[in-house]
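In what follows, a single structure is set out as structure tokens and then discussed.
The values are calculated or read from the model by the stated rules, or taken from the named source; none is laboratory data. Note that this is a predicted model, so its numbers are computed, not measured. Ideal geometry is used to build each Cβ from the backbone, glycine not excepted, and the neighbour counts take in all protein chains shown.
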Amino acid sequence: MKSDHSVKYVEIDWKPDKKLKVPLYSQIVRYMSQKIEKGDWVSGQFIPPQRKLAELFGVNRSTVWEAMQELAALGLTEGNYGKGTMIVNDTWEMLIAESTLNWQSYIDKGSFRANVDYVRQINQLEYEEDIIRLGTGEASPELAPTKEIRQIMAEDMDVKLQLNYPEPLGLLELREALCVYLEQEKDIRIRPSNILITSGALQALQLISVCIVPPGSTAFIESPSYIKSLNVFQSAGTILDSIPMDEEGMMPWIISKRFDFGKTILYTIPTLQNPTGNIMSAERRNEILRYCRSNRIPIIEDDVMGDLWFEERPPKPIKAQDDRGGVIYIGSCSKSFSSGLRIGWVVGPESVIQRLADIKMQQDYGTSTLSQQVFARCLETGLYDRHLDKMRKELKRRRDLTLEILDEHFSDIARWNTPAGSYYVWLQLKESVSIRRVFEAALAEKILVNPGDMYDFRETHSLRVSYAYEDDDTLRDALIRLAKIIRKVGR
């Protein structure tokens with residue numbers, strides 16, 4: 001078997017047994033491992049590219065991807081993009097290196113869990129050539145304020161530029177600018193000592209999970225919820241428990257008498273909830289605050305999408321009504337301004353902020369000083385507000401285009417909301433179609449979607465569709481093909 005580059009590949013004349021209860025990827029790993037261990041395949045030989053393997057094994061490409069990840073983790077193979085995967089360890093090398101450390105045994109015992117299966121695949125595949133990112137959590141590079149940032153760095157920072165480590169809470173200049181912004185835009189009145197600058201909102205969540213929440217605690221989350229797609233809380237020993245939503249948001253009374261004092265938190269995304277795009281009503285926000293206050297449950301409020309409303313300004317954050325320090329508020333500029341700056345912030349009582357800052361200093365000794373200076377100047381000069389105006393208009397235009405395409409091609413197979421902002425439409429299929437099969441079939445056509453199962457503990461038969469990344473023609477073509485794929489899988 002030869003490729004266009006005349007690379008000699010190993011011979012494969014076997015297929016996994018789909019009738020067995022053993023996962024297909026595990027059967028593939030066992031087959032390949034045995035071929036290497038028996039000396040049939042040796043170092044320097046190549047395993048065919050993943051697309052060809054999927055064809056040879058009669059399985060989906062993501063199954064092959066998972067198997068190849070496992071083989072690489074075992075130290076048997078190494079990726080060689082363009083040619084396939086190379087065998088880097090065989091029987092004879094194993095015999096010589098019997099005393100070599102088995103790193104996989106250490107990896108398996110680490111406390112931080114691997115990403116959810118779908119997430120690991122998506123993170124890997126998003127950067128493959130020609131892939132269409134129809135579910136991504138990133139905005140198109142065309143929406144980034146590249147010109148404005150370049151101007152600020154060239155003109156406004158030539159005198160003030162600081163390249164030393166920042167102080168533990170982050171640059172005072174940025175924290176002061178955030179105090180002004182949060183009061184004007186969110187009605188949150190705080191001091192710079194109540195803010196910690198983080199490397200994005202995800203780091204804020206990780207710090208909270210290891211600093212504030214004791215192992216064995218329960219985190220109540222919305223169903224569905226973005227946090228379900230990550231293992232941040234679970235890696236710290238926290239149990240996630242989902243709470244249903246109605247049209248106004250999370251229903252706090254559902255959790256009555258199901259919590260332990262001191263070992264319970266509530267995580268919520270009231271504004272432009274991810275993945276549904278819902279906006280919690282002002283009444284429900286107040287109700288949640290009252291409920292959690294009376295039951296001494298801390299609230300983690302995620303407002304990362306909060307600035308991306310289109311027409312009507314959403315209700316004030318829960319934190320705006322918090323006069324007793326019961327709410328920890330998380331913000332970021334990753335969705336609304338620039339994901340590459342890696343700037344987020346946590347707002348909370350000084351005692352909490354100091355504790356989080358101490359752990360952050362142990363982890364990375366501070367968020368990029370340069371990024372902090374850039375974003376501080378963007379806030380101070382009004383560039384952030386001007387950028388938001390342009391971004392809201394463009395995202396709204398893309399949303400309207402997406403809804404038009406959905407009306408034309410999805411009306412008989414799905415229902416959806418009309419998001420009042422953010423990047424996403426929450427697409428719910430009318431029939432119980434396998435989302436895993438839709439994901440695989442779409443991937444075969446180079447369309448990468450985000451399955452709803454990532455965000456919930458149950459099968460949702462839903463997809464999170466993003467209109468923020470691809471251009472109009474690509475978006476239209478991909479959605480039309482996705483509709484055909486769903487119908488075909490449904491049959």
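Among (1) among the charged types (D, E, K, R); (2) over 29 Å from the mean Cα position of the chain (by Cα); (3) in a helix (DSSP H, G or I), which single condition is ASP17 missing?
Condition not satisfied by ASP17: (3).
Being at pLDDT below 85, of a type in the set (Val, Ile, Thr), surrounded by 10 or more Cβ atoms within 10 Å (Cβ to Cβ) and not assigned by TED's automatic domain parsing to the domain that holds LEU125 narrows it down to one residue among VAL29, VAL7; which is it? It would help to see each step written out before you state the result.
Working: VAL29 fails: at pLDDT below 85.
That would be VAL7, the only listed residue that is at pLDDT below 85, of a type in the set (Val, Ile, Thr), surrounded by 10 or more Cβ atoms within 10 Å (Cβ to Cβ) and not assigned by TED's automatic domain parsing to the domain that holds LEU125.
Per-residue answers, yes or no, for (1) hydrophobic (A, V, I, L, M, F, W, C); (2) in the same structural domain as THR418 (by TED's automatic domain parsing); (3) more than 27 Å from GLY452 (Cα to Cα); (4) surrounded by fewer than 17 Cβ atoms within 10 Å (Cβ to Cβ):
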site: ILE255; (1), (2), (3), (4): yes, no, no, no
site: THR268; (1), (2), (3), (4): no, no, no, no
site: ASN274; (1), (2), (3), (4): no, no, no, no
site: GLY277; (1), (2), (3), (4): no, no, no, no
site: ILE288; (1), (2), (3), (4): yes, no, no, no
site: ARG296; (1), (2), (3), (4): no, no, yes, yes
site: ASP307; (1), (2), (3), (4): no, no, no, no
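Look at THR381 and say whether it is at pLDDT below 95 and of a type in the set (Val, Ile, Thr). Write out each step before concluding.
Details: at pLDDT below 95: yes; of a type in the set (Val, Ile, Thr): yes.
Answer is yes for this residue.
Among the residues of the stretch 64-81, count how many are within 27 Å of the chain's Cα centre (by Cα), free of Cβ contacts under 8 Å to residues at least 60 places away in the same chain and surrounded by 17 or more Cβ atoms within 10 Å (Cβ to Cβ).
So the answer is 7.
For the stretch 228-241, enumerate the residues that are of a type outside the set (A, V, I, L, M, F, W, C) and surrounded by 20 or more Cβ atoms within 10 Å (Cβ to Cβ).
Going through the stretch 228-241, the residues of a type outside the set (A, V, I, L, M, F, W, C) turn out to be 228-229, 231, 234-235, 237-238, 241.
Within the stretch 228-241, LYS228, SER229, THR238 qualify.
Check whether at least one residue in the stretch 221-235 is under 26 Å from TRP253 (Cβ atoms) and among the β-branched types (Val, Ile, Thr), and report yes or no.
yes
Name the residue, out of PRO192, PRO215, that is closer than 22 Å to LEU341 by Cβ and not β-branched (Val, Ile, Thr).
PRO192
For the stretch 154-191: of the residues being at pLDDT below 90 and under 18 Å from GLY344 (Cα atoms), which is surrounded by the fewest Cβ atoms within 10 Å (Cβ to Cβ)?
Let us first name the residues in the stretch 154-191 that are at pLDDT below 90, namely 154-166.
If we keep only those that are under 18 Å from GLY344 (Cα atoms) too, we end up with 165-166.
On the way: TYR165: 10, PRO166: 20.
Among residues in the stretch 154-191 that are at pLDDT below 90 and under 18 Å from GLY344 (Cα atoms), the one surrounded by the fewest Cβ atoms within 10 Å (Cβ to Cβ) is TYR165.
Looking at (1) at pLDDT 95 or above; (2) in contact with a helix residue (DSSP H, G or I) (Cβ under 7 Å, 6 or more places away or on another chain); (3) assigned to a loop (DSSP other than H, G, I, E, B), which is the one condition that is false for ILE405?
(3)
In the stretch 322-380, which residues are over 13 Å from ILE149 (Cβ atoms) and of a type in the set (Phe, Trp, Tyr)?
Residues satisfying the conditions are TYR329, TRP345, TYR365.
Scan the stretch 458-491 for residues that are within 30 Å of PRO244 (Cα to Cα), assigned to a loop (DSSP other than H, G, I, E, B) and not basic (Lys, Arg) and jot them down.
Result: GLU459, THR460, HIS461, TYR467, ALA468, TYR469.
Name every residue in the stretch 25-53 that is of a type in the set (A, V, I, L, M), part of a helix (DSSP H, G or I), in contact (Cβ under 8 Å) with a residue 40 or more places away in the chain and closer than 24 Å to GLU445 by Cα, in order of residue number. Can you show your working first?
Of the stretch 25-53, the ones of a type in the set (A, V, I, L, M) are 28-29, 32, 36, 42, 47, 53.
Going one step further and asking which of them are part of a helix (DSSP H, G or I), we end up with 28-29, 32, 36, 53.
Going one step further and asking which of them are in contact (Cβ under 8 Å) with a residue 40 or more places away in the chain, we end up with 29, 32, 36, 53.
Correct list: LEU53 only.
Output the strands (runs of 3 or more DSSP E) that fall wholly within the stretch 255-363 and possess 1 or more residues being touching a residue at least 60 places away in the same chain (Cβ under 8 Å), or say none.
Numbers: elements: 264-268, 299-302, 327-332, 344-347.
Because the criterion is at least 1 residues that are touching a residue at least 60 places away in the same chain (Cβ under 8 Å), the strands (runs of 3 or more DSSP E) in the stretch 255-363 that meet it are 299-302, 327-332, 344-347.
Name the single residue that is farthest from the chain's Cα centre (by Cα) among those in the stretch 152-204 being assigned to a helix (DSSP H, G or I) and without any contact (Cβ under 8 Å) to a residue 12 or more places away in the chain.
Going through the stretch 152-204, the residues assigned to a helix (DSSP H, G or I) turn out to be 152-156, 172-186, 192-194, 201-204.
Next cut, without any contact (Cβ under 8 Å) to a residue 12 or more places away in the chain only: 154-155, 183-184.
Values: ALA154: 32, GLU155: 34, GLU183: 28, GLN184: 29 Å.
Top of the filtered list is GLU155.
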